[in-house]
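I have placed the structure first, in the form of structure tokens, so that the comments after it can refer back to it.
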Amino acid sequence: MKYERFEDLPVWKAAIDFALRVFALTSDRAFNGAGDLRDQLQRSSLSISQNVAEGFERGSTNELLYYLRRARLRRRKPIRPALLRPVPPDGPS
């Protein structure tokens with residue numbers, strides 16, 4: 001299947017859905033005062049769809065695959081450690 005716009009790519013749609021879920025999660029009051037963590041999670045979730053779009057706009061399959069790999073790493077690298085970091089009993093700082 002040939003896609004004309006990156007907005008039609010299933011992977012881009014999944015990345016947007018993921019970002020929306022991250023924003024919904026981080027809007028919880030448990031993240032009040034956790035500005036750095038909240039911001040890092042939000043920025044990382046947005047960068048996934050941006051990498052997919054950039055790879056698509058480059059025009060070649062190899063470029064798209066390169067940016068899809070980057071998107072996968074963006075999702076894993078900053079988000080997992082941030083979510084696994086210890087949280088003090090009185091909430092995130």
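Output the residue which, of all residues in the stretch 29-54 that are polar (S, T, N, Q) and in contact with a helix residue (DSSP H, G or I) (Cβ under 7 Å, 6 or more places away or on another chain), is nearest to Phe18 (Cα to Cα). Give the steps one after another, and end with the answer.
Keep residues of the stretch 29-54 that are polar (S, T, N, Q), which gives 32, 40, 42, 44-45, 47, 49-51.
This time we only want the ones that are in contact with a helix residue (DSSP H, G or I) (Cβ under 7 Å, 6 or more places away or on another chain), so: 40, 42, 44-45, 47, 49, 51.
Details: Gln40: 14, Gln42: 10, Ser44: 11, Ser45: 7, Ser47: 11, Ser49: 9, Asn51: 14 Å.
Ranking the qualifying residues of the stretch 29-54, first place goes to Ser45.
Would you pick out the residues in the stretch 42-60 that are of a type in the set (S, T, N, Q) and assigned to a helix (DSSP H, G or I)? Please lay out each step first, then the result.
Within the stretch 42-60, the first condition is being of a type in the set (S, T, N, Q), and the residues that meet it are 42, 44-45, 47, 49-51, 60.
If the condition is that a residue be of a type in the set (S, T, N, Q) and assigned to a helix (DSSP H, G or I), then Gln42, Ser44, Ser45, Ser47, Ser49, Gln50, Asn51 are the ones that fit.
Taking only the stretch 1-41 into account, find how many residues are in contact (Cβ under 8 Å) with a residue 12 or more places away in the chain, small (Gly, Ala, Ser) and not in a helix (DSSP H, G or I).
2
Only residues that are surrounded by fewer than 20 Cβ atoms within 10 Å (Cβ to Cβ), under 17 Å from the mean Cα position of the chain (by Cα) and of a type in the set (S, T, N, Q): list them for the stretch 48-74, please.
The one that is surrounded by fewer than 20 Cβ atoms within 10 Å (Cβ to Cβ), under 17 Å from the mean Cα position of the chain (by Cα) and of a type in the set (S, T, N, Q): Gln50.
I want to confirm something. Restricting to the stretch 1-38 and keeping residues that are surrounded by 15 or more Cβ atoms within 10 Å (Cβ to Cβ), of a type in the set (Phe, Trp, Tyr) and within 19 Å of Ala53 (Cβ to Cβ), which single residue is farthest from the chain's Cα centre (by Cα)?
Step one: filter the stretch 1-38 for residues surrounded by 15 or more Cβ atoms within 10 Å (Cβ to Cβ), giving 6, 9, 11-12, 15-16, 18-19, 22, 25-26, 31, 34, 37-38.
Checking which are of a type in the set (Phe, Trp, Tyr) leaves us with 6, 12, 18, 31.
Then drop every residue that is not within 19 Å of Ala53 (Cβ to Cβ), which leaves 6, 12, 18.
On the way: Phe6: 16, Trp12: 11, Phe18: 7 Å.
Checked the stretch 1-38; the qualifying residue farthest from the chain's Cα centre (by Cα) is Phe6.
Coordinate-derived values only; no laboratory data. As the structure is a computational prediction, the values presented were derived from the model and not from experiment. As a convention, Cβ positions derive from the backbone with ideal geometry for all residues, glycine included, and neighbour counts pool all protein chains shown.
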